[in-house]
Structures are given as structure tokens and as C-alpha cells.
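These notes are about the structure you will find just below.
The values are calculated or read from the model by the stated rules, or taken from the named source; none is laboratory data. A quick note: this is a predicted structure, and the numbers were derived from the prediction, not measured. Here Cβ is always computed from backbone atoms with ideal geometry, including for glycine, and neighbour counts include all displayed protein chains. The area values use the complete protein model at the heavy-atom level, side chains included, leaving out ligands, DNA and RNA. Shrake-Rupley method; radii C 1.70, N 1.55, O 1.52, S 1.80 Å.
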Amino acid sequence: MKKYQLLFLTGLLTTAVSCKKEFLDRYPQTSVTPEVFFNTEEDLALYINGLLSMSSHGMYLADQGTDNLATTAAIEVKNMMTGSPSSQTISGGWAWGRLRTINYFLENYQRANVTTETANHYAGLARYYRARFYHDMVKRFSDVPWYSGTLNPGDEALYKAQDPRVLVMDSVMADLDFALANVRDDVPSGTPGKWAVAVMNAKIALYEGTYRKYHPELALESTAEGFLERAVATAERIMAAGKFRIHSTGNPASDYAALFGRQDLTGISEVILVNSYDQTKNRSGNQNTGVFGNYEQSPSRDLLQTYLMSDGTRFTDLAGFQTFGFVKEFEQRDPRLAQTFAYPGWQREQDAAPYVQFLARNFTGYHQLKGYVNSTDQVLLNSSDVPVHRYAEVLLILAEAKAELGILTQGDLDNTVNLLRDRVGMPHVNLTAANADVDPVMAARYPNVTGDNRGCIFEIRRERRVELAFENSRFDDLMRWHAGKLLEEIPEGMYFPGVGDYDMTGDGVPDIRLIPEGQTIPSEREQNALGVPLVYYTIGPFGSTAAVYLQNGTNGGAVVTDDRARTFIEPKYYYRPVPNTEVILNPNLKQLFGWD
């Protein structure tokens, strides 16, 4: 479907939401006779389209609660680690209105005068949305009440206790099975079809399988294998369909970045589900302010150090890597680094010269490019599509699930991870070599990974972090891998050895000058060899009056973004409490994992 057709559909979806709301307002679900609305396929489509929910440009901000980004925002997990959280202070997430809307449809869709195939297609979409709803609830609370129908005030089921995670997730997978069997392949672009359903099936199966494997507090390790096998089977089914492939035009320096600021993704074979924008058709959006600069977030040095060298060797194996400056950090690296981070010599469209990184308190100094639209044209700026599901993730799901099951082969790597490497001209992962030469940094990071495939699992995890950076996957990955302790590390920024002049654009000419805290920045700034005035910053320890905080103050170190100690309590902080107000209303609800 062409993009202009998709945006026309988006307008219809807006109308659908409005129409459905009017219907529910006029006919409360406690008294309406469903015959008023559920009559035709158009009625079913209007209702289901009103449930449409996809990733937007906000996806590029969603790693703020992880080790990929430093943030000044009041992120829930950061507040938990630095505060004293309880069920009285954490009150979000226990909301059931969307589920009621979904279940109301499932109770009434069969009244429509449509074919069985048509009815099952829309029921499949409703069950797909219900599966996603419950998976989000399980990620947050683990055990939650399962409701397969609508409830009214006074119903006894409103006061039931939580159902076990096993029951809820079995029900989620049953919903996804029905959806995958019945949702059509041919659907309007920008809405989930058969293959978007399949992606969620594989994602949820991988999440649950690895979560059960690595979380002993659940005592469900013996059931992990079935979910991992499902992830494998579903990912292989998507691959076998032959409908998708990794986007590549033979330009390793730009093909990856082309997926994240492009005006039209509807014709890109890697994108399984797209959220389209076009300002000329009254659907616009961008996150340039949030993504780039020093508004609320900045990429971490730890993420930068995860990227390999361009020859496939580890950056963290280089002697002295911890004291490399900004320019040196980008030399001979995986091309995805310079398509994700603003690199030395990168230039904004509105500037006449390369951009010089702007330094500020509480920010790392690194700037994010993924999700940034480098244009001054407001139409282009507000019309970039968002890749909701990418085929790249399907390949990563298959590789990880097979590695966790102990059945990964070199052929599997060549058909998955190494296709992503090919796009950017990186050397292949070799199964034998990866398992023989285990990365000590990754081993320290994930000490609970064991077995013969340990080294390869680490490399697949590296590939996920690099390939999916800033796409709202990192937090879930850390949670399912039982790696919450990594969030205790405060994200650091660029390294500077102390006061002095520094090149930030890679041309060998200084661009900034760091001076000691308390020294006055001169009104007449010294110029560099190009005749450009240097940008001055004062440096000092965290909490001082300096413009930039370094670990050792004027004696240098990495940029410090925060100094509040962070404690991730295991297993408690992998979950959230049921809000205290809900427990008061329903005493049968129980707090789990030490919450009160």
C-alpha cells in the first residue's frame, strides 16, 4: 500500500476511535444491546481499528531506564533505585479499561452478519491486542487476574486474587495462536497483519522463555524450553515465508541509518509493520529535540564501548581504551556506531561546519543520531516513518533462542546475525571462535550465563544491543536476562584527561578548551588555527560550580552524570507492587517478591 493510502487510512482510524467512543458513550456497556453496533464488517473494522496501538517516535526515547542512556528524567526504575519505593509511591500500571474494551468486542463480534473467515480475522486481532495487554501486565506484576470477559460493578470476579503467571501466559499464547491462525496476511499498511502477529508471538515466547530460565524466584526453569522452542518455530516460519529481507543497497555507511529517518518505509522489505507520518496529510511527529542534544537524555559510554572494531575484534581489548578521547573512540569501529551516535565530523544541515559536541552538566557529551531527522524542511522533519517491527529482530530472536536451547549451528548464525553484519560490512560471528574466546567484559556483565554456547550467547546479546539500540528493547532484555544489577552503574560520558584544548571534529584542530572551575571564561576567546573561537567549559568534581563534571575534577576522567548511589534489589525490583489503593479495595490481592 502506498504511503498516501496509509495516511488516508489513519484518518479513518481517527474517525473509528471517535465513532466507537460515541457508541460507548451513548450505549454504556452495562445496558446496551450489542445489535445496535455489531452488524457488518465495517462495524467490526471500526471497533478493532480503534484499538490500534503502535510504537511512535517516542520509541527513540524509551531506553532512558537502561544502561544505554543517561537521563535527567524522573524514570521509574531510577527513582526506585535511589529512593524508598512502596505500593503507596508506585501506583501505576494497574489499569483494566483497555481489556474491558477488548473483551466486549470478543463477546459480541459474532453477532455481525459476516463470513466465518471475516469474523475470525477480527477476533484474531482482538485476541492479539489482549495478548499484548496481558504480556505487559505480566512483565510488570507477574501474577495478575485473568479476565476473559467483561465485568460489571458488583461482579464477584472483581474481587478475585491474582491468577498464577503460568495460567496467564498459557492464555496469552493461546490468544496468539488463534490470532496467527486467523488474522489475514493482506491488511492495510500500518495495521497489524499475520506477520506482525507472528513477530509478537516470537518476541513474547523469547521473553518468557529466557525470563523463566534466568529467574530462579519463579521456580519455572523447567518450563522455559517450551517457550524457546516456540520462539524458534515462529521465527523460522516468518523467515520461510520469504516476504522479508534485511535492507541493503550495498552502502554499509548508510543502509542501517536509512531505516530511522526515512520519509517512507512502506516499500522497505525489512519493515514488517510501519507507523507512517506525513505532515501534509495532518499526521506529523518527530523527536529531534528529545533525541539530539541536551534536553533529557544522552548516550552512555558503556553502549559506545560495546560496539566492535571494524575488523570484528573487541574495542575493550585495546590497551588504554578507558582513556580514549572522543575522536579516537570512533576510529575503525562497527559502522553502526556512526549511524547511531553523532560522530566526529558529522554536520547538521543548518550548519556550515561540522558539529562540535555541546557539553553540559548531567549529560554524557555524546549525542544520539538514531531517530534524528537531519533536515530544516519542516515537512521532512515531521514526516519520517517509524519501523515498529523489523525483520532484523526476527533473526536475532531465532539466533538467541537456538543458542539458549543449545542447538545453534554455524549455519544458523550465517542466516541470522551474520546477515546483519553483512549489511554493514562487518566480519561474521564464528560459533567455535566465539565460544573459545569468551569476552571477559560480557562474562562479568552476565555471570549467570553458563554452558557450551556461553561465548556465542554473549555475542548475540551484543548484537541485540547494537542493532536495536534506542528501539525500546534494552530494558526488557535486561529484565528477562536477570541483569538488573547493571542498572546500578551510573552512565558515564566522554573521557578528558584534564584541562586543555581538545579536537572534537576529527580534523586535528582544537574546538573546545577545558579550564579549571572558578577560572573566568574570557570575553575574547582564543581562536583555533581555522580562525574559529574555542568553546570554553569549566571543569570540576560533581556538585561543584563547574559546567562539566569529571570523575577527578580538574585532574580529568570520564564525564559524571549523577552521584546518587543506585541499588537494584533482587528479585524485588524486577516487578512492581499492586497499588495500595487496589489492595484496599480488594484484599484478596497479594503483594509479591517483598513489596508492601
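If I ask for residues that are part of a loop (DSSP other than H, G, I, E, B) and hydrophobic (A, V, I, L, M, F, W, C), which ones from segment 261-300 would you list?
Initial filter on segment 261-300 (part of a loop (DSSP other than H, G, I, E, B)): 261-270, 276-277, 282, 284-287, 292-296, 300.
Answer for segment 261-300, where residues must be part of a loop (DSSP other than H, G, I, E, B) and hydrophobic (A, V, I, L, M, F, W, C): L265, I268, F292.
Answer yes if at least one residue in segment 476-489 is surrounded by 13 or more Cβ atoms within 10 Å (Cβ to Cβ), over 26 Å from R462 (Cβ atoms) and in contact (Cβ under 8 Å) with a residue 24 or more places away in the chain, and no otherwise.
No: zero hits.
Please name all residue pairs, on different chains or six or more residues apart, with Cβ atoms under 6 Å, provided the first residue is in segment 234-248 and is in contact (Cβ under 8 Å) with a residue 24 or more places away in the chain and the second residue is of a type in the set (S, T, Y).
Filtered contacts from segment 234-248: F244/S269; F244/Y391; R245/S269.
Table: residues versus (1) assigned to a loop (DSSP other than H, G, I, E, B); (2) among the β-branched types (V, I, T).
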position	(1), (2)
D302	no, no
Q322	no, no
G345	yes, no
G371	yes, no
T376	yes, yes
S384	yes, no
P387	no, no
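Out of all the residues in segment 151-189, which are of a type in the set (S, T, N, Q), over 14 Å from R127 (Cβ atoms) and open to solvent by less than 50 Å² (accessible area, probe 1.4 Å)?
Q162, S189
Take residues that are in contact with a helix residue (DSSP H, G or I) (Cβ under 7 Å, 6 or more places away or on another chain) and tell me which of the strands (runs of 3 or more DSSP E) falling wholly in segment 487-596 contain 3 or more. Don't jump to the end; show me each part of the working.
Values: elements: 492-496, 500-502, 512-516, 535-540, 557-560.
Per the criteria, 492-496.
Just to be sure I understand the filter: pairs with C-beta atoms under 8 Å, separated by 6 or more residues or on different chains, first member in segment 539-551 and farther than 14 Å from I515 by Cα and open to solvent by 20 Å² or more (accessible area, probe 1.4 Å), second member of a type in the set (F, W, Y) and not in a loop (DSSP other than H, G, I, E, B). Which pairs pass?
That search, which allows pairs on different chains as well, returns F542/Y549; G543/Y549.
So which of A240, A258 ends up being under 23 Å from N382 (Cα atoms) and in a helix (DSSP H, G or I)? If you could, list the steps in order and put the result at the bottom.
On the way: A240 fails: under 23 Å from N382 (Cα atoms).
Matching residue, one of A240, A258: A258.
Tell me whether segment 137-149 contains one or more residues that are more than 21 Å from the chain's Cα centre (by Cα), without any contact (Cβ under 8 Å) to a residue 60 or more places away in the chain and surrounded by fewer than 17 Cβ atoms within 10 Å (Cβ to Cβ).
Taking every residue of segment 137-149 in turn, at least one turns out to be more than 21 Å from the chain's Cα centre (by Cα), without any contact (Cβ under 8 Å) to a residue 60 or more places away in the chain and surrounded by fewer than 17 Cβ atoms within 10 Å (Cβ to Cβ).
Take the residues in segment 38-57 that are open to solvent by 30 Å² or more (accessible area, probe 1.4 Å) and not in a loop (DSSP other than H, G, I, E, B); name whichever of them is nearest to Q297 (Cα to Cα).
As a first pass, look at segment 38-57 and keep what is open to solvent by 30 Å² or more (accessible area, probe 1.4 Å): 39-42, 46, 49, 52-56.
Filter once more, so that each one left must be not in a loop (DSSP other than H, G, I, E, B): 41-42, 46, 49.
On the way: E41: 45, E42: 43, L46: 38, N49: 33 Å.
My answer is N49.
Every residue in segment 109-119 that is of a type outside the set (A, V, I, L, M, F, W, C) and either outside any helix (DSSP H, G or I) or crowded, with 20+ Cβ neighbours inside 10 Å (or both), please. Walk me through it before giving the result.
Applying the first criterion (of a type outside the set (A, V, I, L, M, F, W, C)) to segment 109-119 yields 109-111, 113, 115-118.
Hits for segment 109-119 are Y109, N113, T115.
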